[in-house]
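Since the structure comes first, as structure tokens, the remarks are kept for the end.
The values are calculated or read from the model by the stated rules, or taken from the named source; none is laboratory data. A quick note: this is a predicted structure, and the numbers were derived from the prediction, not measured. Every residue, glycine as well, gets a Cβ built from its backbone with ideal geometry; the counts of neighbours run over all protein chains shown. Just the protein is used for accessible areas: all its heavy atoms, side chains included, with ligands, DNA and RNA removed. Shrake-Rupley method; radii C 1.70, N 1.55, O 1.52, S 1.80 Å.
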Amino acid sequence: MKTGARRSVFAANWKMNLSDQEAEGFLRELRAAKLPDNAEVLIFPPVLYLTRLAELARGSAIGLGAQNIYWERSGAFTGEISASMIRAAGAQLVICGHSERRHIFGESSEMISRKVRAAQNEGIVPLVCVGETLEEREAGEAFEVLQSDTMSSLAAVEPDQSIIIAYEPVWAIGTGLTATPKDAEEAIAYIRSQVRELWGDIADEIRILYGGSVRADNIAELMSCANIDGALIGGASLNPTSFLQIIINGSNI
Ligand code: 13P
């Protein structure tokens, strides 16, 4: 079992997947399962399902979050959703700066930093994603990217030990390629060192997760690394049996 001050986190990022019926069935199944006490279990469903899933999760240890927000509180921003709106729908967290937002939707670190601050202002916990592309890794620029993503995403953000960071190397997302535990540990230790530069010893309390082709058969090795505090899971989180197995295998380190 992993010891230390940082409680493990297993977070399901469903992205734009699952029907409302499937989402509800998933939550019922997860609720009925025995979840380890030493782990925090989070679900990031499509935002439309939040209200219903929050009802189903009430009284359980399962946390819910949105996959994105806009930073303004209200106004003429067609198609956008604010931090207060997701809070009202039952979210306690929000993912900021997932690589799909950065690369498909062109979000900059400055935009992400605004989202992080907007979430904090509403009492929503930001889960901030950082990570390099394959091109950047091959060019030997991975650490530069991690430095710049981390520093600029947290720029002007109030030091806050509840913020969660996820290291998601873009080349490992949905590809079946997982960073080796050694590479993931090295990158995450580096991200922690950057947080330390910004926020001092709070860095020791911040949970930093790994994401990118996490499965039940590779989670234990990843979790055995000193700096890896959990996982942000895409594909393998769409099925309750496989997500539960990841939680179980990842918590019994
Ligand atoms: P996969 O687990 O499908 O590689 O996705 C990772 C991810 O992007 C989670 O946010």
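With the simple spin-label model, which puts each label point 7 Å out from Cα in the Cβ direction, the GLU205 to ALA226 separation comes to 2.1 nm. Here the range 160-253 has 53 percent of its accessible surface on carbon and sulfur atoms, given a 1.4 Å probe and all protein chains in place. Accessible surface of the range 1-99, 1.4 Å probe: 52 percent of it comes from carbon and sulfur atoms. Per residue, the range 1-104 exposes an accessible area of 51 Å² to a 1.4 Å probe, with every protein chain left in place.
Placing unit charges on each Cβ (+1 for Lys and Arg, -1 for Asp and Glu) gives the chain a dipole about its Cα centre, and among LEU30, VAL130, HIS103 the Cα reaching farthest toward its positive end belongs to LEU30. Among ALA23, ALA12, ALA139, determine the one that fluctuates most according to a GNM of the chain built with springs between C-alpha atoms less than 10 Å apart. Largest GNM mean-square fluctuation: ALA139.
For the set SER148, SER60, solvent exposure ranked by accessible area (probe 1.4 Å, protein chains only) runs largest to smallest as SER148, SER60.
Counting 0.36 nm for each residue step from GLU80 to GLN161 and taking away their Cα separation leaves a gain of 26.4 nm. Here's the picture: a label point sits 7 Å out from the Cα of GLU138 along the beta-carbon direction, and within the range 159-186 the residues with their amide nitrogen under 14 Å of it are 171-172.
Using r as the Cβ-Cβ distance of GLU197 and GLN92, and R0 as 41 Å, what FRET efficiency do you calculate, to the nearest 0.05? For R0 = 41 Å, the calculated efficiency reads 0.90. Accessible surface for the range 141-253, divided over its residues, is 38 Å² per residue with a 1.4 Å probe. Among the trypsin sites (Lys or Arg not before Pro) within the range 1-103, which fall in a DSSP loop and have no more than 13 other Cβ atoms within 10 Å of their own Cβ? Taking the range 1-103 and a limit of 13 other Cβ atoms within 10 Å, the loop trypsin sites (Lys or Arg not before Pro) found are ARG7, LYS34, ARG58, ARG73. Under a GNM of the chain (C-alpha, springs under 10 Å), which listed residue has the highest mean-square fluctuation: GLY75, GLY25, GLY106? Among GLY75, GLY25, GLY106, the largest mean-square fluctuation in the Gaussian network model of the chain belongs to GLY75. Structural descriptor for the chain: relative contact order 22 percent, calculated from alpha carbon pairs under 8 angstrom and at least 6 residues apart.
Remark: the range 1-146 carries a charge dipole of roughly 700 debye about the Cα centre, counting +1 on each Lys and Arg Cβ and -1 on each Asp and Glu Cβ. Among LEU18, LEU232, LEU42, the largest mean-square fluctuation in a Gaussian network model of the chain, built with springs joining Cα atoms closer than 10 Å, belongs to LEU18.
Rounded, prolate or oblate: which fits the chain when a ≥ b ≥ c are the square roots of the eigenvalues of the alpha-carbon gyration tensor, with rounded for a/c under 1.5 and prolate only if a/b beats b/c? Rounded shape, in that the Cα axes give a/c under 1.5.
Were the residues from ALA189 through ARG215 laid out at 0.36 nm apart, the gain over their Cα-Cα distance would be 7.2 nm. Charge dipole of the range 112-253 (Cα centre as origin; +1 on each Lys and Arg Cβ, -1 on each Asp and Glu Cβ, all else neutral): 420 debye, rounded to the nearest 20.
The PHE105 and SER19 beta-carbon pair, evaluated with R₀ = 22 Å, returns a calculated FRET efficiency of approximately 0.40.
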